[in-house]
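Participant: One structure follows; several queries about it will come next.
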Amino acid sequence: MNSIEDIDVKGQKLLLRTDLNLPVEDGEPQKTVRFRRYLKTIEELSDRGAKTVIMAHQGRPGRNDFLSLEEHAEILSESMDKEVEFIPGFFGSELSNTVEEMQEGDVALIENVRFLSEELRNASPEQHAQDIFVNKMAPEFDIYVDDAFSAAHRSHGSMVGFTEKLDSYAGPVMKNELESCGKVRDEFENGLLVLGGEKPSDLIGIMEEMIESVDKVLMGGVPGELALMIQGHELGEKAEWIQEHGFDSKKDELKEMLENYNEKIILPEDVTTESGNYKVGEVPDEMTWDIGPETAENFAEEIRNAESVVMKGPMGAFEEHPEGTRKVVEAMAKSEAYTVLGGGHTSSLVQRFGYELEDFSHVSIAGGAFVRYLSGEKLAAVEALK
Ligand code: 3PG
């Protein structure tokens, strides 16, 4: 795969696909780890004299974070101390006039590409190369750069269509994520997987792909609770909640994993509910919110003794009940081992608990793409770039 770091971009008209899909609070896109990573890419390209037009998406149709990128252009401008022009359309004179007038180092941002229905079709690169917007936009540019690792599992127009039309390169975020997550996927011996979050179905693929090569899998969050239920433990109100939300959909697959790898998979011994901490088997009929303190200490001890650790998903409802997740993240931050945090929520834990990105070997900004990549799946946009 060609990297944009290896070529001279001075004066080049460059179409840069980023993933600036950010959490939005009170209408304001938040400056997360993801935002900071892309700011770096954009600043570097600007410093190297490229004329950069950024393409990104925000939210999905029907959700309340499905918004215009106008605000994103403003926060980029503030953060770069340089005007990032917002282009409200996708092609025609709005785009061509802006690109024509750009000077070396200038940066502009196009509207949310998911406002185009063609974008959202799951189609092959050849099919997306026929999209009207791809055909109208591509001739305005010299180079296409894909830096959106976290959207690389989507075979969408902006992710796979332009590679058919323009010289295409991986951006620094894409390259770094592929290298670091590739190291986990291919060289992860004697390691520890720490799995949590909300959707057990996300994790089955990772477990199936990696369980043979890891030493242990520590399970918290909803996946850990589902595993406890499979083993016949009562989990009060949470059991109903898990069923109502359909989070037990991969119950059979998880059951099989628990049976086949009983000695490798470590489940919580205690949990935190509304009223306190309880040993598994003595949980009252209440919601559970977190792994309990004994489990958190045991998990932290396992992490301290491991040579490599990958964490995907918090250990519980960390906004209100952060303790279990905090202990696990702290043990990883203080460890000298090869440590990787992945998944949308998981990467935001770095900031929340007051750590620096440098306290971990790699912090992935990807959710779905991280899970799929570690599950051994091919990512559509990565294949297109190749
Ligand atoms: C993400 O935030 O994981 C990516 O931007 C992909 O978003 P999507 O799941 O809406 O495609």
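A short reminder: the numbers here are calculations on the coordinates, not readings from a lab. Worth saying up front: this structure is predicted, and the values here are computed from it rather than measured. Quick reminder, even Gly has a Cβ in these numbers, built from the backbone with ideal geometry, and neighbours come from all protein chains shown.
Participant: Among bridges DSSP assigns within the range 23-121, what percent are antiparallel (round to 5)? Intermediate results must be reported in sequence, preceding the final value.
Facilitator: Details: 2 of 9 bridges.
DSSP beta bridges in the range 23-121 are roughly 20 percent antiparallel.
Participant: Here is a follow-up. Work from the charge dipole of the range 24-125 (Cβ charges, +1 for Lys and Arg, -1 for Asp and Glu, about the Cα centre) and give the residue of MET80, SER124, GLY92 farthest towards its positive end.
Facilitator: Of MET80, SER124, GLY92, it is SER124.
Participant: For the range 1-51 and the range 73-101, what is the separation of their C-alpha centers, rounded to whole Å?
Facilitator: Spelled out, the Cα-based centre of one part sits 13 Å from the other.
Participant: Separation between the ARG304 and GLU237 pseudo-spin-labels, each 7 Å from Cα along Cα→Cβ, expressed in nm?
Facilitator: Computed distance between label sites ARG304 and GLU237 equals 3.5 nm.
Participant: From Cα pairs below 8 angstrom and at least 6 apart in sequence, can you work out the relative contact order of the range 123-211, rounded to a whole percent? Kindly include the intermediate steps, with their values, before the conclusion.
Facilitator: Values: 76 pairs, mean separation 26.1, N = 89.
The normalised contact order for the range 123-211 reaches 29 percent.
Participant: If you don't mind, there's one more thing I want to ask. GNM, the chain, Cα, under 10 Å: largest mean-square fluctuation among HIS321, HIS156, HIS72?
Facilitator: HIS321
Participant: Where is the GNM fluctuation largest for the chain (alpha-carbon springs, 10 angstrom cutoff): ASP202, ASP252, ASP270?
Facilitator: It is ASP252.
Participant: Something else about it: What is the distance in Å between the Cα centres of the range 197-268 and the range 123-196?
Facilitator: First find each Cα centre; the distance between them is then 30 Å.
Participant: Can you pull the one-decimal nm distance between simple spin-label points at GLU104 and ASN260, each 7 Å off the Cα toward Cβ?
Facilitator: Taking the two extended label points, one gets 5.7 nm.
Participant: So, one more: Could you estimate the translational diffusion coefficient of the range 141-182 from the Stokes-Einstein equation, with Rh from the Kirkwood formula over C-alpha pairs, at 37 °C and 0.692 mPa s, in whole µm²/s? Mind dumping the intermediate values first?
Facilitator: Working: Rh = 10.7 Å.
For the chosen part, D equals 307 µm²/s.
Participant: Hey, another quick one. Give me P(r) over the range 188-374, computed from all C-alpha to C-alpha distances, binned every 10 Å, as integer percentages.
Facilitator: 10, 41, 38, 10, 0
Participant: What are the semi-axes of the equivalent ellipsoid for the chain, taken as the square roots of 5 times the Cα gyration tensor eigenvalues, largest first, in whole Å? Working shown, then result.
Facilitator: Numbers: eigenvalues 332, 81, 78 Å².
After diagonalising the Cα gyration tensor, the semi-axes are 41, 20, 20 Å.
Participant: Based solely on C-alpha atoms, express the radius of gyration and the Dmax of the range 4-175 in angstrom.
Facilitator: Rg and Dmax of the range 4-175, Cα atoms, are 14.6, 41 Å.
Participant: Please state the charge dipole magnitude for the chain, taken about the Cα centre, from unit charges on C-beta atoms (+1 on K and R, -1 on D and E), reported in debye and rounded to the nearest 20.
Facilitator: On the way: 38 positive and 78 negative charges, 169 e Å.
The dipole magnitude comes to about 820 debye.
Participant: Which whole-Hz couplings ³J(HN,Hα) result when phi for each residue of the range 228-243 is put into the Karplus expression 6.51 cos²θ - 1.76 cosθ + 1.60, θ = phi - 60°, listed in order with x for Gly and Pro?
Facilitator: Running phi through 6.51 cos²θ - 1.76 cosθ + 1.60 with θ = phi - 60° gives 5, 4, 4, 7, x, 7, 7, 10, x, 4, 5, 4, 4, 4, 4, 5 Hz.
Participant: Just want the ordering: SER364, SER213, SER150, from fewest to most Cβ atoms lying within 10 Å of their own Cβ. Can you show the working numbers first?
Facilitator: Values: SER364 29, SER213 14, SER150 24.
Starting with the residue having the fewest Cβ neighbours, the order is SER213, SER150, SER364.
Participant: Here is the link list: LYS183/LYS312; LYS82/LYS165; LYS334/LYS378; LYS51/LYS165; LYS40/LYS175. Which ones come out longer than 22 Å on Cα distance?
Facilitator: Among LYS183/LYS312; LYS82/LYS165; LYS334/LYS378; LYS51/LYS165; LYS40/LYS175, the Cα-Cα distance tops 22 Å for LYS82/LYS165; LYS334/LYS378.
Participant: About the Cα centre of the range 4-175, what is the dipole size in debye to 20, counting +1 per Lys and Arg Cβ and -1 per Asp and Glu Cβ, all else neutral?
Facilitator: Working: 19 positive and 34 negative charges, 136 e Å.
Dipole magnitude for the range 4-175 comes out near 660 debye.
Participant: Please determine, in degrees from 0 to 90 and to the nearest 10, the orientation of helix 200-210 with respect to the longest principal axis defined by the Cα atoms of the chain, where the helix direction is its Cα long axis.
Facilitator: 90 degrees
Participant: For the range 235-286, take the convex hull of the Cα atoms, compute a quarter of its surface area, and give me that in nm², please. The partial results should precede the final answer.
Facilitator: Numbers: hull surface 16.2 nm².
Average projection, Cα convex hull of the range 235-286: 4.1 nm².
Participant: Just want the answer: with Cβ charges of +1 for Lys and Arg and -1 for Asp and Glu, which residue in VAL283, MET311, TYR338 is farthest toward the dipole's positive end in the range 280-361?
Facilitator: It is TYR338, whose Cα lies furthest towards the positive end.
Participant: Along the range 296-313, what does the Karplus equation 6.51 cos²θ - 1.76 cosθ + 1.60 (θ = phi - 60°) give for ³J(HN,Hα), rounded to whole Hz, x for Gly and Pro?
Facilitator: 4, 5, 4, 4, 4, 5, 4, 5, 4, 8, 8, 8, 8, 9, 10, 10, 10, x
Participant: Ignoring everything except DSSP H segments at least 4 long, calculate the 222 nm mean residue ellipticity for the chain; use -39,500 (n - 2.57) per segment, divide by total residues, nearest 500. Intermediate values should be presented prior to the final figure.
Facilitator: Values: 16 runs with 152 residues, N = 386.
Roughly -11500 deg cm²/dmol at 222 nm, from the helical runs in the chain.
Participant: So what are the ³J(HN,Hα) numbers for the range 215-221, from phi and the Karplus equation (6.51, -1.76, 1.60; θ = phi - 60°), rounded to whole Hz, Gly and Pro as x?
Facilitator: So the Karplus estimates, Gly and Pro as x, are 6, 8, 10, 9, 10, x, x Hz.
Participant: As I understand it, the value is the acute angle between the Cα axis of helix 70-80 and the longest principal axis of the Cα atoms of the chain; what does it come to in degrees, rounded to 10?
Facilitator: 90 degrees
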